[in-house]
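Colleague: Dropping the structure in here first, questions after.
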Amino acid sequence: MNGFTPKLFDTLKNYSKEQLVKDIISGIIVAIIALPLSIALALASGVGPEQGIYTAIFAGFVVSFLGGSNVQIAGPTAAFATIVAGIVAKNGMDGLVVATIMAGILLVIMGFLKFGNLIRFIPATITTGFTFGIAITILIGQIKDFLGLTLTESPVETMEKLTACLSAIRTINWQAVIVGGAALAILIIWPKFFGKIPASLIAVIVAIIMVKVIHMDVKTIGDLYTISSKLPGVTVPTVSFSMIVELLPDAFTIAVLAGIESLLSCVVSDGMIGGRHKPNMEMVAQGAGNIVSALFGGIPATGAIARTAANVKNGGRTPIAGMVHSVSLLLILLVLMPYAAWIPMPAIAAILFMVAYNMSGWREFNFMVKTSPKSDSIVLIVTFILTVVFDLVVAIEVGIVVAAFLFLKRMSDVTEVKSWRYLEEENIDEQNDPDSIRLKAVPKNTLVYEIIGPMFFAAADKIMDVEVSANTKVVIIRMRGVPAMDVTALQSLKNTYERSKKRGITMLLSHVQQQPMSVMEKAGFVEEVGEENFCANIDEALERAKMIKRSLSKQNVQQ
């Protein structure tokens, strides 16, 4: 059960005052970084700015307290922005709370079922495709505020937003562009010279000064949202069975995304500190964090790679730093939150532009398109397009299905059934033939077929490639290269056996591995063929073929 012990309890055994000071300083710095990001991501998700802070406070604290990583910082991330906005638009805040709680429950279950290590089976093409797609949707979603456009409607879908922005391009507010451009320039240039102070904080301060002091005509958060500095109460949503059914795909997507991103963040941070996280405990913590976040008015949360990296760089080495980060944000909420109303919307858009750029992984996307096999490129591009044109749920569902079918196609292509040759019938120089080590003397009237690769439903028809001639008496099926078999492939093999039996041909099976043998035994196929016809290796099978041939010859002489 050590895998389900929170890292906090492990680190407290040898905790020192020196590390406590470092954790406190790091936690405060990360809180300052998280403040504008949490507000920006909340707005991108279609909810109020304080709800991003709630998420970082409650989910961040729970994940640090229960998590399987020493340095993980949890909170709202860009990966959820599109899906959260869609849920809020269709089902309101109650729908979002229900979906987030369901996702949290799924994560807890997945953690206790030890699915933490199974997340790696999600293909990189899918994660890269939807990550790049999310980045594009976030960028498109911020064009309106960055340019200060006046839209006649408020579309939800990404392509509709793009169309609406293009239609309203004549309403561009150049003062908003100047404020947004200044903020964006600070976000790009500042980190190159001043790494210690968060660029996003400086960008926000400069933008506020431009609007408040110079009196530029630019909309602020306070113009669009009512900001509360009060602590949230427990949110109890109105739930119905139909709502649960409708939101289940969204909840599953949130759970998968939270699992992938949090564990990816853990892997990255492990490399930075030379540590090792507990994947299953981390998933349980992420689930608990999302449940608590939803109950206290927050949105879905997961491990944030950028904030986690900032925690490591500033000296954080234990979950105490993540807990200090949450407490610091709580104090900011109570004391400074009303001043968030002053933040100009173009500055928020600029921050989200940088978030989109940093998360996009465009170099990796471009590399995969150029170098990946055609099937992988198809999955990558399909997932990307569906994320942008439709939504993340459709993209992941279709992406996984397409990846699965293409994988099955690839596996079926590598599975082959080939026949051996007769040494005495072909002019073969064994000394110079590179394959001579695999060539053995095969008795007359005996055919040897070797199956290479997994025998499963997508490759089952290849077993029909086993052909026999009129004078064939024995067929040897060599299965040394078959690591696994399913029932469909077994049925094809059984059909081949029955055809052979009707023609008076004995089937021998050589070097059957453990998993295929288990399938055959359970299905009664071993008993049907006869245990004596299962040989340990090809030499034993060839000897048995000779014995069967001699036996048949004696019967013919006697007749």
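Colleague: Does GLU397 count as acidic (Asp, Glu), under 14 Å from the mean Cα position of the chain (by Cα) and at negative phi? Steps first, please.
Modeller: Details: acidic (Asp, Glu): yes; under 14 Å from the mean Cα position of the chain (by Cα): yes; at negative phi: yes.
The answer is yes for GLU397.
Colleague: Scan (1) over 37 Å from the mean Cα position of the chain (by Cα); (2) part of a helix (DSSP H, G or I); (3) of a type in the set (A, V, I, L, M, F, W, C) for the single condition LEU493 breaks and write down its number.
Modeller: So the condition that LEU493 fails would be (1).
Colleague: Which of the residues that make up the stretch 294-326 are of a type outside the set (Val, Ile, Thr), in a helix (DSSP H, G or I) and either within 21 Å of LEU264 (Cα to Cα) or without any contact (Cβ under 8 Å) to a residue 40 or more places away in the chain (or both)? Steps first, please.
Modeller: Start the filter on the stretch 294-326 by keeping residues that are of a type outside the set (Val, Ile, Thr), which leaves 294-298, 300-301, 303-304, 306-307, 309-311, 313-317, 319, 321-323, 325-326.
From the residues that got through so far, the ones that are in a helix (DSSP H, G or I) too are 294-295, 306-307, 309-311, 313, 319, 321-323, 325-326.
Across the stretch 294-326, the qualifying residues are ALA306, ARG307, ALA309, ALA310, ASN311, LYS313, PRO319, ALA321, GLY322, MET323, HIS325.
Colleague: Can I ask one more? Could you please give the count of residues in the stretch 241-260 that are buried (at least 16 other Cβ atoms within 10 Å of the Cβ) and hydroxyl-bearing (Ser, Thr, Tyr)?
Modeller: 1
Colleague: Separate question: What single numbered condition from (1) touching a Pro at 6+ places or on another chain (Cβ under 9 Å); (2) of a type in the set (S, T, N, Q); (3) surrounded by 22 or more Cβ atoms within 10 Å (Cβ to Cβ) fails to hold for THR131?
Modeller: Only one criterion in (1) touching a Pro at 6+ places or on another chain (Cβ under 9 Å); (2) of a type in the set (S, T, N, Q); (3) surrounded by 22 or more Cβ atoms within 10 Å (Cβ to Cβ) is unmet by THR131, namely (1).
Colleague: Of the residues LEU263, LEU329, only one is crowded, with 21+ Cβ neighbours inside 10 Å, in a helix (DSSP H, G or I) and either over 20 Å from the mean Cα position of the chain (by Cα) or not aliphatic (A, V, I, L, M) (or both); which?
Modeller: Working: LEU263 fails: either over 20 Å from the mean Cα position of the chain (by Cα) or not aliphatic (A, V, I, L, M) (or both).
Only one candidate qualifies: LEU329.
Colleague: State all residues of the stretch 502-532 that are more than 43 Å from the chain's Cα centre (by Cα), buried (at least 19 other Cβ atoms within 10 Å of the Cβ) and assigned to a helix (DSSP H, G or I); if no residue qualifies, say none.
Modeller: Of everything in the stretch 502-532, just one residue is more than 43 Å from the chain's Cα centre (by Cα), buried (at least 19 other Cβ atoms within 10 Å of the Cβ) and assigned to a helix (DSSP H, G or I), namely VAL529.
Colleague: So how many residues does the stretch 466-488 have that are modelled with pLDDT under 75 and of a type outside the set (Asp, Glu)?
Modeller: Count: 4.
Colleague: If you don't mind, there's one more thing I want to ask. Examine the stretch 191-198 for a residue that is buried (at least 21 other Cβ atoms within 10 Å of the Cβ), assigned to a loop (DSSP other than H, G, I, E, B) and within 32 Å of the chain's Cα centre (by Cα), and state whether such a residue exists.
Modeller: Filtering the stretch 191-198 for residues buried (at least 21 other Cβ atoms within 10 Å of the Cβ) gives 198.
Add one more test, that the residue is assigned to a loop (DSSP other than H, G, I, E, B), and what stays is 198.
Checking which are within 32 Å of the chain's Cα centre (by Cα) leaves us with 198.
Yes.
Colleague: Looking for whichever is among the aliphatic types (A, V, I, L, M) and under 24 Å from THR82 (Cβ atoms) here; the options are ALA182, ALA203. Which one fits?
Modeller: Values: ALA182 fails: under 24 Å from THR82 (Cβ atoms).
Unique residue meeting the criteria: ALA203.
Colleague: Here's a follow-up. If you go through the stretch 144-161 one residue at a time, how many are surrounded by fewer than 18 Cβ atoms within 10 Å (Cβ to Cβ) and assigned to a helix (DSSP H, G or I)?
Modeller: Counting residues in the stretch 144-161 that are surrounded by fewer than 18 Cβ atoms within 10 Å (Cβ to Cβ) and assigned to a helix (DSSP H, G or I) gives 2.
Colleague: Within the stretch 266-291, can you find the residues that are of a type in the set (A, V, I, L, M) and under 19 Å from the mean Cα position of the chain (by Cα)? It would help to see each step written out before you state the result.
Modeller: Keep residues of the stretch 266-291 that are of a type in the set (A, V, I, L, M), which gives 267-268, 272-273, 281, 283-285, 288, 291.
Hits for the stretch 266-291 are VAL267, VAL268, MET281, MET283, VAL284, ALA285.
Colleague: Taking the condition over 30 Å from LEU147 (Cβ atoms) and either modelled with pLDDT of 90 or more or of a type in the set (Phe, Trp, Tyr) (or both), does GLY322 pass?
Modeller: Numbers: over 30 Å from LEU147 (Cβ atoms): yes; either modelled with pLDDT of 90 or more or of a type in the set (Phe, Trp, Tyr) (or both): yes.
Criteria met by GLY322.
Colleague: Among the numbered criteria (1) out of contact with any Lys or Arg (no Cβ under 9 Å at 6 or more places or on another chain); (2) part of a helix (DSSP H, G or I); (3) on the phi < 0 side of the Ramachandran plot, which one does VAL30 miss?
Modeller: Tallying (1) out of contact with any Lys or Arg (no Cβ under 9 Å at 6 or more places or on another chain); (2) part of a helix (DSSP H, G or I); (3) on the phi < 0 side of the Ramachandran plot, VAL30 fails exactly one: (1).
Colleague: Ok, one more. Between ILE396, ILE463, ILE385, which is over 30 Å from ALA545 (Cβ atoms), buried (at least 17 other Cβ atoms within 10 Å of the Cβ) and either modelled with pLDDT of 70 or more or in contact with a Gly (Cβ under 8 Å, 6 or more places away or on another chain) (or both)?
Modeller: On the way: ILE463 fails: over 30 Å from ALA545 (Cβ atoms); ILE385 fails: buried (at least 17 other Cβ atoms within 10 Å of the Cβ).
Result: ILE396 is the single residue among ILE396, ILE463, ILE385 that is over 30 Å from ALA545 (Cβ atoms), buried (at least 17 other Cβ atoms within 10 Å of the Cβ) and either modelled with pLDDT of 70 or more or in contact with a Gly (Cβ under 8 Å, 6 or more places away or on another chain) (or both).
Colleague: Between ARG550, ARG544, ARG478, ARG499, which is closer than 30 Å to LEU408 by Cα, charged (D, E, K, R) and part of a helix (DSSP H, G or I)?
Modeller: Working: ARG550 fails: closer than 30 Å to LEU408 by Cα; ARG544 fails: closer than 30 Å to LEU408 by Cα; ARG478 fails: part of a helix (DSSP H, G or I).
From the options ARG550, ARG544, ARG478, ARG499, the qualifying one is ARG499.
Colleague: Would you confirm, using the coordinates I've provided, whether GLY67 is within 24 Å of the chain's Cα centre (by Cα) and within 16 Å of SER328 (Cα to Cα)? Walk me through how you get there before you give the answer.
Modeller: Values: within 24 Å of the chain's Cα centre (by Cα): yes; within 16 Å of SER328 (Cα to Cα): no.
No; evaluated as a whole, the condition is false for this residue.
Colleague: Let me ask something else. Please find, within the stretch 40-72, the residue that is surrounded by the most Cβ atoms within 10 Å (Cβ to Cβ) out of those that are out of contact with any strand residue (DSSP E or B) (no Cβ under 9 Å at 6 or more places or on another chain), at negative phi and not in a helix (DSSP H, G or I).
Modeller: That would be GLY68.
Colleague: Which of the residues spanning the stretch 233-256 are under 12 Å from VAL98 (Cα atoms) and either outside any helix (DSSP H, G or I) or touching a strand residue (DSSP E or B) at 6+ places or on another chain (Cβ under 8 Å) (or both)?
Modeller: Of everything in the stretch 233-256, those that are under 12 Å from VAL98 (Cα atoms) and either outside any helix (DSSP H, G or I) or touching a strand residue (DSSP E or B) at 6+ places or on another chain (Cβ under 8 Å) (or both) turn out to be THR235, VAL236, PRO237, THR238, VAL239, SER240.
The values are calculated or read from the model by the stated rules, or taken from the named source; none is laboratory data. The structure presented is a predicted model; accordingly, all values stated were derived computationally and were not measured. Backbone-built Cβ (ideal geometry, glycine too); neighbour counts: all protein chains shown.
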